[in-house]
2 protein chains.
Amino acid sequence: MTTAFPAPGSHEEIEEGLVLTPRFDGDGLLAAIAVDDQTGEVVMVAWMNAEALARTIATGEGWYWSRSRKELWHKGATSGHVQTVTDLRIDCDQDAVVLRVRTAGTGANCHTGRKSCFYRRVPLGQAEGTPARLEPTGDQPLFDPKAVYGG
Amino acid sequence: MTTAFPAPGSHEEIEEGLVLTPRFDGDGLLAAIAVDDQTGEVVMVAWMNAEALARTIATGEGWYWSRSRKELWHKGATSGHVQTVTDLRIDCDQDAVVLRVRTAGTGANCHTGRKSCFYRRVPLGQAEGTPARLEPTGDQPLFDPKAVYGG
């Protein structure tokens with residue numbers, strides 16, 4: 001297997017070391033947070049397995065693991081919204097990455113057609129135990145998902 | 001249980017509805033991405049169970065579930081780095097939230113003492129199958145973790 005990463009070492013090595021030793025979860029995944037290269041806004045939260053992480057590092061494009069389709073996913077292969085990665089960082093315990101992306105095509109990162117998946121706000125101060133309402137942020141679809149994905 | 005959320009409905013309701021129906025994973029958790037209120041920079045990736053999410057919404061402060069300690073965690077209760085949430089958003093499939101935070105004390109969000117947990121870069125273009133090196137971003141500790149957490 002060409003995508004094997006070195007096994008994580010001590011706490012000190014994981015947190016302060018300068019070798020990538022990712023800590024995948026029980027499903028072999030880590031969280032991958034995509035932020036817009038221009039604005040720094042979080043646009044997508046997805047997952048990477050070892051193969052997706054290795055390909056992202058090697059190619060500088062966003063590769064993920066689709067939990068719903070259970071397959072390696074080159075973002076944009078279907079929709080044209082390929083993500084060029086301009087910066088990649090790993091966190092203290094090496095189980096999450098943040099990637100800055102410049103997205104091709106319409107610039108949409110969400111499968112609903114919007115630039116960001118985070119197009120609804122949860123107003124604060126809503127009491128526990130009552131259904132919480134959401135508010136749209138105004139982020140509108142940039143393309144028609146049905147035309148791209150069918151359905 | 002006062003923190004129960006309504007069960008998720010159809011795809012359409014989950015993606016376009018204006019009721020919060022979070023989709024927790026098999027461990028009862030969703031990903032919570034904290035970004036700095038001033039800069040928009042991602043500073044921490046953590047996890048919330050239903051209780052943590054409900055308390056965050058109700059109180060406007062950052063509550064999480066610690067996967068390592070297996071307990072509800074009011075961020076800053078020990079270190080003083082309480083996070084005041086200024087904005088909370090949920091994503092398309094309602095299994096991840098982004099919260100903007102203003103962090104008290106030194107402003108550190110990482111248990112290593114740094115402002116951000118993402119203090120190491122993964123240089124792009126490193127070939128698959130070779131150990132990938134990391135580079136420090138220059139983010140320095142703002143306090144001495146040993147003085148706060150012991151160890």
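A few points about this structure:
- A label point on A:Thr39, set 7 Å along the Cα-to-Cβ line, lies at 2.0 nm from each of its counterparts in the other copies, closest listed first.
- For the protein assembly as shown, radius of gyration divided by Kirkwood radius, i.e. Rg to Rh on alpha-carbons: 0.95
- Heavy atoms of B:Lys146 accessible to a 1.4 Å probe, total area in Å² rounded to 10: 130 Å²
- Sorted from closest to farthest, the other copies place their B:Glu16 label points 5.4 nm away, with each point set 7 Å from Cα along Cα→Cβ.
- Mean separation of Cα contacts under 8 Å, 6 or more apart, over the residue count of chain A: relative contact order %: 19 percent
- Other protein chain Cβ atoms within 10 Å, averaged over every residue that makes up B:10-16: 2
- For segment A:25-124, the spread of Cα positions along the three principal axes, ordered from largest to smallest, is 35, 32, 27 Å.
- Here the simple spin-label model places points 7 Å from the Cα toward Cβ, and for B:Gln126 and A:Tyr149 these points are separated by 3.3 nm.
- A helix-only calculation puts chain A at -3500 deg cm²/dmol for mean residue ellipticity at 222 nm, using -39500 (n - 2.57) for each DSSP H run of at least four residues, averaged over all residues.
- The gain in end-to-end length when the B:Ala104 to B:Asp25 segment is fully stretched comes to 25.4 nm, 0.36 nm per residue minus the alpha carbon separation.
- Overall form of segment A:93-151 per C-alpha gyration tensor (a/c, 1.5; a/b vs b/c): oblate
- Segment A:Thr86-A:Glu16, length gained on full extension (0.36 nm per residue, minus Cα span): 22.9 nm
- Nearest-ten-degree value, helix A:50-59 long axis tilted from longest Cα axis of chain A: 90 degrees
- Choice from A:Gly105, A:Gly26, A:Gly76 showing the highest fluctuation, given a GNM over chain A with Cα pairs closer than 10 Å: A:Gly26
- Mean per-residue shielding of peptide A:91-100 is 6, counting Cβ atoms of other chains within 10 Å of each Cβ.
- Remark: label point of B:Gln140 defined 7 Å out from Cα along the Cα-Cβ vector; separations to the same position in other copies 4.8 nm, ascending.
- Shielding of B:113-121 by partner chains, average beta-carbon count, 10 Å: 5
- Nonlocal amide H pairs with A:Met44, under 5 Å, H built at 1.01 Å: A:Ala34, A:Cys117
- Eligible lysines near A:Lys75 by straight Cα distance, threshold 23 Å, same-chain separation 8 or greater: A:Lys115, A:Lys146
The values are calculated or read from the model by the stated rules, or taken from the named source; none is laboratory data. None of these values were measured; they are calculated from a predicted model. Here the Cβ is made from the backbone with ideal geometry for all residues, glycine too, and neighbour counts use every protein chain on show. Quick note on the areas: whole protein, heavy atoms, side chains included, nothing else; ligands and nucleic acids left out. Shrake-Rupley method; radii C 1.70, N 1.55, O 1.52, S 1.80 Å.
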